[in-house]
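This report refers to the structure that appears directly beneath it.
We did not get these values from a lab; they are worked out from the coordinates using the rules stated. All figures in this text were calculated on a predicted structure; none of them were measured in a lab. Cβ placement follows ideal geometry from the backbone for every residue including glycine, while neighbour counts extend to all protein chains displayed.
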Amino acid sequence: MVEDSAYMRTILRTMLQGFGARKIVEAEDGASGLEAMDRANPDILILDWVMPILDGADMVRMIRTQNNPYAYIPIIMVTAHTERSRIIEARKLGIHELLCKPISAKALYQRIASIILQPRDFVKTAGYFGPAPREIRGHKKNWDGNSIIGEANSATMV
């Protein structure tokens, strides 16, 4: 988990332990989060959007490159910023789930369960690499990063 607030890390850790998580690695900014990923080999990444040094969005941009060993890791982004523009940006970044603060144990559990029980294929287009948006999951559609634009010719399911 990558979160700059010690208080939020405590809340998230407590929830994850309550769900039965056995190994929880914490970092307080995106730069130390990337280092922690190399040491811990995580199954899921939970990170805050606004952090010092390297924010969550920039961290995701670095992860969602095909040569990154964690390019396919499921990512849950937590944020207090719920503006439409942020939600659209999260989608373009390749976030699996967006969780708005204040978070509840139920909401976090549901997002984790969704990632595990309903895994999403990854899509590669000229401008996007990440999980297939829910609207096109299971369909042969092309996604340009903003909307479904018709039958897939330039999108590759990975």
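Some notes on this structure:
- The range 6-119 - convex hull of alpha carbons, volume per residue in Å³: 104 Å³
- A full extension of the chain between residue 53 and residue 40 corresponds to an added length of 2.6 nm, given 0.36 nm per residue minus the alpha carbon distance.
- Proxy reagent accessibility, fewest Cβ within 10 Å first, across 72, 128: 72, 128
- Integer Hz, Karplus 6.51/-1.76/1.60 couplings in order for the range 104-121, x for Gly and Pro: 10, 4, 4, 5, 5, 4, 4, 5, 5, 4, 4, 5, 6, 8, 10, x, 10, 5
- For residue 122, the amide hydrogen comes within under 5 Å of the amide hydrogens of 132, 158, counting only partners 5 or more places away or on other chains and with H modelled in the peptide plane.
- Label point 7 Å beyond Cα of residue 19 along Cβ direction - residues of the range 109-124 with amide nitrogen under 17 Å: 109-120
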